[in-house]
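Accompanying notes for the structure given below.
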Amino acid sequence: MSVLPSVAVVILNWNGRDFLEKFLPSVCASVYAGQLDIILADNASTDDSVAYTQQHFPSVKIIRNATNSGFAGGYNEALQHVEADIFVLLNQDVEVDPNWIGPVVANLQANPDMAACQPKIRAWAERDSFEYAGAAGGWMDILGYTFCRGRILYTTEKDKGQYDTPQDIFWASGAALFIRSAAYREMGGFDPYFFAHMEEVDLCWRLQRAGYRIGYCPDSVVYHVGGGSLPQGNPRKLYLNFRNNLIMLRKNLHFREQWIILSQRLVLDMMAAAKSLVSGKPKDMTAIFRAYRDYYRWRRETRNQPPDTLPRKRLFDLQGVFHGIMIWRYYFLNRRKFSELSKPGKK
């Protein structure tokens, strides 16, 4: 009988007392036949999150980060002090079913070349609907726009069992990310420059470049509030998404794909900025301009750094890539569901 891998569920917390009070009981009620540690990695909170956890959940281990270095830096710092075969990076605003760990671990055990995997992510407030941050697995189109099975842009689907088959995906959501600790450390963890947003997509892309697979396990379900740190529509969130997406593309695209994709993105992103201005959202336009300014600043700052040694693979050679332009299908062809994206056009 094989020994089950050890699992560490690590919740990165920043001023999340209310979330911990609401959701930590479900995490502590998790059932797993192997070794299981539940860890609160506190990102220099200024509320009483740590004291509350110590008082009400004494079995939860505490790691205190010295500063708030965001999702990326916070996890990188905390996971240096965690020993387990599988890390589970879980947002502070997630409720879990008792048996949510076993199915994903079994999926990883059955697929030795799979480095990371995510459960099905539903919305906490609308429990029969997919949630924005992950849904039924992350994908990317040929211009680097990310979306999910069950969620395209701001349109989410009801879960009617349409995505109940395990599948390879492009990226697994950081809201509930199962990842082999050895693979995480092999990649050097998250890119701390990202701070927050897109860091898990970048990590999964690097894992695919290294020859690993990323998976989705529908037999495990979690419920995510979403927007716990930065809500949708926040200009800061928009800035980080645009900036980090550009950096990710520059870091990971095959050299022969970089120019054509990034030049097309420039045109489309400037159109998005103009639309924001016309729509009466000048702060969104400014956020996009700032993202481009800081992307070019990042390029200057890293110009003399040696590139990573991972092979550059063409997008078409990776799993979870839609061979089309998602925003064209969404806005101009009214394809609002994942299952509709690849439908043939009208003749």
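Of note:
- The residue among Ser59, Thr165, Tyr75 whose Cα reaches farthest toward the positive pole of the charge dipole of region 7-224, with charges on the beta-carbon of Lys, Arg, Asp and Glu, is Thr165.
- At R0 = 22 Å, FRET efficiency that the Cβ-Cβ distance of Thr67 and Arg236 yields, to 0.05: 0.75
- Neighbours of Ala84, meaning other residues whose beta-carbon lies under 13 angstrom from its beta-carbon, give a summed charge of 0 when Lys and Arg score +1 and Asp and Glu score -1.
- Under a model in which nothing but the beta-carbon of Lys, Arg (+1) and Asp, Glu (-1) is charged, region 7-224 shows a dipole of about 240 debye around its Cα centre.
- Length released on extending from Gln167 to Lys281, taking residue separation times 0.36 nm less the Cα-Cα span: 37.2 nm
- In the chain, a dipole from Cβ-located charges (positive for Lys and Arg, negative for Asp and Glu) runs towards its positive end, and of Phe195, Ala8, Ala116 it is Phe195 whose Cα lies farthest in that direction.
- Helical runs assigned H by DSSP (4 residues or longer) give the chain a calculated mean residue ellipticity at 222 nm of -11500 deg cm²/dmol, each run adding -39500 (n - 2.57) before division by the residue total.
- Label-to-label distance, Val267 versus Ala106, with points set 7 angstrom from Cα along the beta-carbon direction: 4.9 nm.
- Packing-based exposure ordering (other Cβ within 10 Å, fewest first) of Tyr193, Tyr212: Tyr193, Tyr212
- Calculated FRET value between Ala274 and His81, using beta carbons and R₀ = 41 Å, to 0.05: 0.30
- Arg290-Phe255 FRET efficiency (beta carbon distance; Förster radius 35 Å; 0.05 resolution): 0.80
- Region 179-230 and region 20-93 have Cα centres spaced 17 Å apart.
- Its Cα centre serving as origin, region 99-207 has a Cβ charge dipole (Lys and Arg +1, Asp and Glu -1) of approximately 220 debye.
- Between Glu340 and Ser6, the simple label model (points 7 Å from Cα in the Cβ direction) yields a spacing of 4.9 nm.
- Computed from Cα atoms, the angle from the helix 282-301 axis to the main principal axis of the chain rounds to 80 degrees.
- Within the chain, the longest segment free of exposed loop sites, counting GluC sites (Glu not before Pro) that fall outside DSSP classes H, G, I, E and B and have at most 14 other Cβ atoms within 10 Å, spans 127-347.
- Ile327 versus Asp308: modelled label distance in nm, points set 7 Å from Cα along the beta carbon direction: 2.5 nm
Laboratory data are not the source of any read-out in this text; all were calculated from the coordinates shown. In this text the structure is predicted, and so the values were computed from the model without any measurement. As a convention, Cβ positions derive from the backbone with ideal geometry for all residues, glycine included, and neighbour counts pool all protein chains shown.
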